[in-house]
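The values are calculated or read from the model by the stated rules, or taken from the named source; none is laboratory data. What you see is a predicted model; the values in this text were computed from it and never measured. All Cβ positions, even for glycine, are placed from backbone atoms using ideal geometry, and neighbour counts span all protein chains on display.
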Amino acid sequence: MNLRTLGKTGFKVSEIGLGCWQLGGDFGPVSDDQAQQILSQAHENQINFWDTADVYGAGRSEQIIAKWRKQHSDAKNLVVATKVGRTGELFPDKYTKESVKSAIQTNAKSLDVDCIDLIQLHCIPPEVLKDGEIFTWLQDFKKQGLIKHYGASVETIEEGLLCMQDPELASLQIIFNIFRQDAISELLPKAAENNVGVIVRLPLASGLLSGKYKVDQKFDDTDHRNYNKDGAAFSVGETFSGIPMNKGIELVKELEGFLPKNITMAQLALRWILDQPAISSVIAGVSKPTQIALNTSASNLAPLPTELHEQLKTFYFEAVKQNVRGNI
């Protein structure tokens, strides 16, 4: 597994990370044993960057990670990032220094740590980002030893640029994939200039870019790909990158015409992201341990040809972008 530096943190993280949203059960039920197997498989495949949040299963994802670490105390160089800001105690308009600190302390308790490696603001309202006071609180929490570093997970490019006005911001988590390419023009260069590590979520557009979905695909009732496919629960961009599912399946069929020999659709999607030098880690979530090796295989592939990158760029702007719902 290749390692990259995560911005100002200085952490050397695996370029394929593990997204732990699934461990909370928001993609359908995942047993404790299955979750532990996923974490063990990630560790065996040298994935040392794990991303979670307090709202993933109402703390369950964090607690599962804590349980695994307790049983694997010899696991070295593991970096666990979590998020704060979307629980009912804070969202959408109850952000105070005391309430944010209390929420982070709850994160730390769930993870069973004294100091969190990386805390990320979790898609908080743009007006709170614009105010900027929340970043001064995070600076204080860092001085107090509650967190080592802080970053932000955002929904739009505008929000990402707002966050990077803070000189101490260490990381930025964004939606970025073949179906969401706009960050290339301004946000990624700005992040590189400011030494902000970029963490990519939804690399496979909620599984669309795995190439395995059929028209009218069915999901478990508890899976956000079922209840949030049209943005009923939270930002529509967080599910299928904002593209209507069946339209996304059609677009993937068109993408198959660009596939090089001996590369799967998922490998193409992950390798495309890794070819962007500003990216620190791509957090790919899994619901089965066997999916881990398939994701990590992209790290060992050669970069895609320049001509293919140009073709995929044209494909996005001519065929995909007009189908994306929500703000980009």
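When segment 301-328 is limited to residues that are polar (S, T, N, Q) and either touching a residue at least 60 places away in the same chain (Cβ under 8 Å) or in contact with a Pro (Cβ under 7 Å, 6 or more places away or on another chain) (or both), the one that is farthest from THR156 (Cα to Cα) turns out to be ASN323. For segment 23-57, the set of residues classified as within 21 Å of GLY151 (Cα to Cα) and among the hydrophobic types (A, V, I, L, M, F, W, C) consists of ILE47, PHE49, TRP50, ALA53, VAL55, listed by residue number.
Screening GLY242, GLY248, GLY211 for residues that are surrounded by fewer than 20 Cβ atoms within 10 Å (Cβ to Cβ) and within 21 Å of the chain's Cα centre (by Cα) leaves exactly one candidate, GLY211. Of all residue pairs spaced 6 or more apart or on separate chains, those with beta-carbon atoms under 7 Å, a first member in segment 66-90 that is without any contact (Cβ under 8 Å) to a residue 60 or more places away in the chain and closer than 20 Å to VAL128 by Cβ and a second member that is of a type outside the set (A, V, I, L, M, F, W, C) and in a strand (DSSP E or B) are VAL84/HIS122; GLY85/HIS122; ARG86/HIS122.
Within the option set ALA81, ALA53, being surrounded by 21 or more Cβ atoms within 10 Å (Cβ to Cβ), closer than 16 Å to ARG201 by Cβ and touching a His at 6+ places or on another chain (Cβ under 8 Å) holds for one residue only, ALA53.
Considering segment 279-298, the residues that are part of a helix (DSSP H, G or I) and out of contact with any helix residue (DSSP H, G or I) (no Cβ under 7 Å at 6 or more places or on another chain) include one that is surrounded by the most Cβ atoms within 10 Å (Cβ to Cβ), namely THR296.
Here TYR56 clears all of (1) assigned to a helix (DSSP H, G or I); (2) touching a Phe, Trp or Tyr at 6+ places or on another chain (Cβ under 7 Å); (3) within 16 Å of LEU18 (Cα to Cα); (4) not basic (Lys, Arg) except the condition numbered (1).
If you filter segment 107-139 down to residues that are touching a residue at least 40 places away in the same chain (Cβ under 8 Å) and within 28 Å of ASN327 (Cα to Cα), you find that the one that is surrounded by the fewest Cβ atoms within 10 Å (Cβ to Cβ) is TRP137.
Within segment 201-232, the set of residues being modelled with pLDDT of 90 or more, hydrophobic (A, V, I, L, M, F, W, C) and more than 15 Å from VAL286 (Cα to Cα) comprises ALA232 only.
Taking into account only those residues within segment 1-46 that are basic (Lys, Arg) and crowded, with 16+ Cβ neighbours inside 10 Å, which is nearest to the chain's Cα centre (by Cα)? This residue is ARG4.
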